[in-house]
Every structure is written in structure tokens, then in C-alpha cells.
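The values are calculated or read from the model by the stated rules, or taken from the named source; none is laboratory data. What you are looking at is a predicted structure, and each value in this text was computed from that prediction instead of being measured. Cβ: placed from backbone, ideal geometry, glycine included. Neighbour counts: every protein chain shown.
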Amino acid sequence: MLKIIYTTGLTGFIGQYFLKKIFNDYDVIVNFGREKNITIHQHSVEPIFKDFSLLELQEYPADTLVHLATYYNSNPINIAEEVQLEESNFNFPYSLCNILKNYGLTRIISASSYLQLSDIKHKSLYSKTKCKFINWAKSEFELTEIFLFDTFGKNDQRSKVLDTFIKNSISNHDIQIPLTRVDINLTHVEEVVDSLINALGLKAGQYMIMSNNHLTIKELAERVVSIEKTSTKIKATLDGNNLIRKINSFPENIYLNSLKQDFTEQIKTRYDEIKQANSI
């Protein structure tokens, strides 16, 4: 009998890595997109792209959904962006799960942001829409919520803080950092995915994936610049909001140190990847 699992978000950065590794445990992965489409992934077979169909679900029943899809926008500037946050982070998973429970879905593994751990007064609309889905799902399914911090790794196209610092250092451009202390926790995407897959065996509840790579934005910039000792200057010019320090309580940490690589080595590896990709 085929082992089947449902997913969302496999086209995203973390999702692409997750797809490669989940095949170790499952035969078929059915990924649901926000545009009413599904992609069926199987071993050694090209992905099958189809429009969403209830008949397809009858052929691929599963009891577990790994929900990775998210739309991040910390500061929507108009009603359209606010609507997109609600549509992507609540309406889409809500509608999907209501359908899937008719085909055997009983369990959800949902990736959340550490931003959702803060008090309501510190939550953005992004966090509120994510929390809205979680609060509903808790009442309908066996829910395992996994809080993620900042991630990085090869082929990351999101222009996150580490990659931005590296590109500036390579190009000898100044690195802009906050005027005040801001903490960050960084985890390599492969370790995030290994930890997520391990979470499939955990009981329902809240967990987090927090690596040992905990430092300030300033310290991160200093580490990047020290790799090749470029002429890049670090300038404190930006407003800062230390959101990690505003979290009062953290759930159980399920981080797996699967790479067994020092953080400085991980930064150097990412530095070399970016340098090669840009042929610098």
C-alpha cells in the first residue's frame, strides 16, 4: 500500500528541501497550491500537475498534511495587501483542510513563525492571520505547530539578512544595521527540514526549531565581513525592533544538529555559494 502525505508550500525555499527528503518516508506527496492546483510527486517520476479535483483526492487519501505555505508581509501598505494576507494565511488553508477532512485528514503539521510567539500587542497582521488558522485548526484536527526562526542555505532567493550582508561584503558595499541591539537565530535549511521530518513522529503540541546560532545582527555582520576582510563598513543607521526579546515563553526545542558543522563554516560555505553564483 502506498504511503501518501499531503503538503502545501513545496515551491518555497524550505518546501523544495522538504520534498527531497520526505521521499525517504513516503511514496507519494500531494502538494496543494493556492491557485486551485495540485502537484503529485512520486519516486523517479516527473511531477504530475493537475487542476484541483475531488476525484483525484479519492485516488490519493492521506491522514496527514504538512502545511508550509505562507505569505509574508510584515507591513502591508494597502487594503489589497491586507486581503492577500487573510486569503493566503487563513482562507486558503482553512478551505483546503475542510475539504481534506472528508478524505481522511486527521492531523496537521504546521510551520509557524517565531513572530507568532509574541504577545498580541506585538503581533503584525501577518502573525494574526497565521494565528487565526492555527486557532481554528486546533479545534478540528490533531495539530502539531512548529515555530521557525530565520533560515538560510543554497539557492535561497529571498534576500534575507545573511545573504544581503554577504552580497554587500563581496561588493565592498557598506552594511546597514539597526541602531539598537537586535537578536537573530539562524538555522540552515537542511537542519530545519530534518527537524520538521522528525516532528512527524511527535505528539500534538507546540515545538520550535532553534539552533545554537544565536547572535545579534551586529555580530552577524562582523562575522561576514571577517571572512575576506573586505573594505565593507558596518554602519548603524536603521530602526530596530528586538522581537525575539519580546517573547515571554518558548516551546520545546526539537532542533536537530544534523549537519554537524560550525556556524562560522556554514557562513563561509554560503559566502562561497553566493560568490560563485554571481561569478565574483
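Might you check whether a residue that is in contact with a Lys or Arg (Cβ under 6 Å, 6 or more places away or on another chain), at pLDDT 95 or above and of a type outside the set (A, V, I, L, M) occurs anywhere in the range 233-250?
There is no residue in the range 233-250 that is in contact with a Lys or Arg (Cβ under 6 Å, 6 or more places away or on another chain), at pLDDT 95 or above and of a type outside the set (A, V, I, L, M).
Of all the residues that make up the range 39-51, how many are touching a Lys or Arg at 6+ places or on another chain (Cβ under 8 Å) and either buried (at least 20 other Cβ atoms within 10 Å of the Cβ) or acidic (Asp, Glu) (or both)?
1
Would you check if residue 177 is farther than 20 Å from residue 7 by Cβ, in contact with a strand residue (DSSP E or B) (Cβ under 6 Å, 6 or more places away or on another chain) and surrounded by 20 or more Cβ atoms within 10 Å (Cβ to Cβ)? Before the answer, list the steps.
Numbers: farther than 20 Å from residue 7 by Cβ: yes; in contact with a strand residue (DSSP E or B) (Cβ under 6 Å, 6 or more places away or on another chain): yes; surrounded by 20 or more Cβ atoms within 10 Å (Cβ to Cβ): yes.
When the stated conditions are applied, residue 177 passes them.
Do you know which residues across the range 101-123 are under 17 Å from residue 66 (Cβ atoms), at pLDDT below 95 and not basic (Lys, Arg)?
Within the range 101-123, the first condition is being under 17 Å from residue 66 (Cβ atoms), and the residues that meet it are 101, 103-113.
Checking the rest, the ones that are also at pLDDT below 95 come to 101, 103-104.
If the condition is that a residue be under 17 Å from residue 66 (Cβ atoms), at pLDDT below 95 and not basic (Lys, Arg), then 103, 104 are the ones that fit.
Does the range 36-63 hold any residues that are outside any strand (DSSP E or B) and farther than 24 Å from residue 141 by Cα, and which are they?
Looking only at the range 36-63, we keep the residues that are outside any strand (DSSP E or B), and these are 36, 43-44, 52-63.
43, 44 - these are the residues of the range 36-63 that are outside any strand (DSSP E or B) and farther than 24 Å from residue 141 by Cα.
Here are the criteria: (1) surrounded by 15 or more Cβ atoms within 10 Å (Cβ to Cβ); (2) at pLDDT 95 or above; (3) polar (S, T, N, Q). Tell me which single one residue 73 does not satisfy.
(2)
Hey, can you tell me all the residues within the range 251-280 that are basic (Lys, Arg) and at pLDDT below 95? Talk me through it step by step, then tell me what you get.
The first filter runs over the range 251-280 and keeps only residues basic (Lys, Arg), leaving 260, 268, 270, 275.
Passing the criteria: 260, 275.
Restricting attention to the range 1-20, which residues are β-branched (Val, Ile, Thr) and out of contact with any strand residue (DSSP E or B) (no Cβ under 6 Å at 6 or more places or on another chain)?
So in the range 1-20, the residues β-branched (Val, Ile, Thr) come out as 4-5, 7-8, 11, 14.
Correct list: 11, 14.
Hey, any hits in the range 7-19 for a residue that's closer than 17 Å to residue 198 by Cα, aromatic (Phe, Trp, Tyr) and touching a residue at least 12 places away in the same chain (Cβ under 8 Å)?
Yes, the range 7-19 has at least one match.
Give the range 73-114 a look and list any residue that's more than 30 Å from residue 56 (Cα to Cα) and touching a strand residue (DSSP E or B) at 6+ places or on another chain (Cβ under 7 Å), or say none.
Step one: filter the range 73-114 for residues more than 30 Å from residue 56 (Cα to Cα), giving 73-82, 113-114.
Those that are more than 30 Å from residue 56 (Cα to Cα) and touching a strand residue (DSSP E or B) at 6+ places or on another chain (Cβ under 7 Å): 113, 114.
Filter the range 11-33 for residues that are aliphatic (A, V, I, L, M) and either closer than 18 Å to residue 107 by Cβ or more than 12 Å from the chain's Cα centre (by Cα) (or both) and give the result.
19, 22, 28, 29, 30
Can you report the number of residues in the range 117-169 which are without any contact (Cβ under 8 Å) to a residue 12 or more places away in the chain, assigned to a helix (DSSP H, G or I) and under 21 Å from residue 219 (Cβ atoms)?
Keep residues of the range 117-169 that are without any contact (Cβ under 8 Å) to a residue 12 or more places away in the chain, which gives 120-121, 123, 128, 135, 138-139, 159-160, 164.
Keeping just the survivors that are assigned to a helix (DSSP H, G or I) gives 120-121, 128, 135, 138-139, 164.
Going one step further and asking which of them are under 21 Å from residue 219 (Cβ atoms), we end up with 164.
Here the count works out to 1.
If we keep just the residues of the range 197-215 that are in contact with a strand residue (DSSP E or B) (Cβ under 6 Å, 6 or more places away or on another chain) and outside any loop (DSSP other than H, G, I, E, B), which is surrounded by the most Cβ atoms within 10 Å (Cβ to Cβ)?
Checked the range 197-215; the qualifying residue surrounded by the most Cβ atoms within 10 Å (Cβ to Cβ) is 209.
Which one of these does residue 105 not meet: (1) assigned to a loop (DSSP other than H, G, I, E, B); (2) surrounded by fewer than 14 Cβ atoms within 10 Å (Cβ to Cβ)?
(2)
Which of the residues spanning the range 144-173 are exposed (fewer than 14 other Cβ atoms within 10 Å of the Cβ) and among the acidic types (Asp, Glu)?
Listed by number, the list is empty, since nothing qualifies.
Taking the range 222-261, which residues are among the polar types (S, T, N, Q), over 30 Å from residue 204 (Cβ atoms) and not in a helix (DSSP H, G or I)? First the steps, then the outcome.
Initial filter on the range 222-261 (among the polar types (S, T, N, Q)): 226, 230-232, 237, 241-242, 248-249, 253, 257-258, 261.
The next check asks that each one be over 30 Å from residue 204 (Cβ atoms); those that pass are 226, 230-232, 237, 241-242, 261.
Those that are among the polar types (S, T, N, Q), over 30 Å from residue 204 (Cβ atoms) and not in a helix (DSSP H, G or I): 230, 231, 232, 237, 241, 242, 261.
Given the structure, is residue 80 over 23 Å from residue 155 (Cβ atoms) and either surrounded by 13 or more Cβ atoms within 10 Å (Cβ to Cβ) or in contact (Cβ under 8 Å) with a residue 12 or more places away in the chain (or both)?
no
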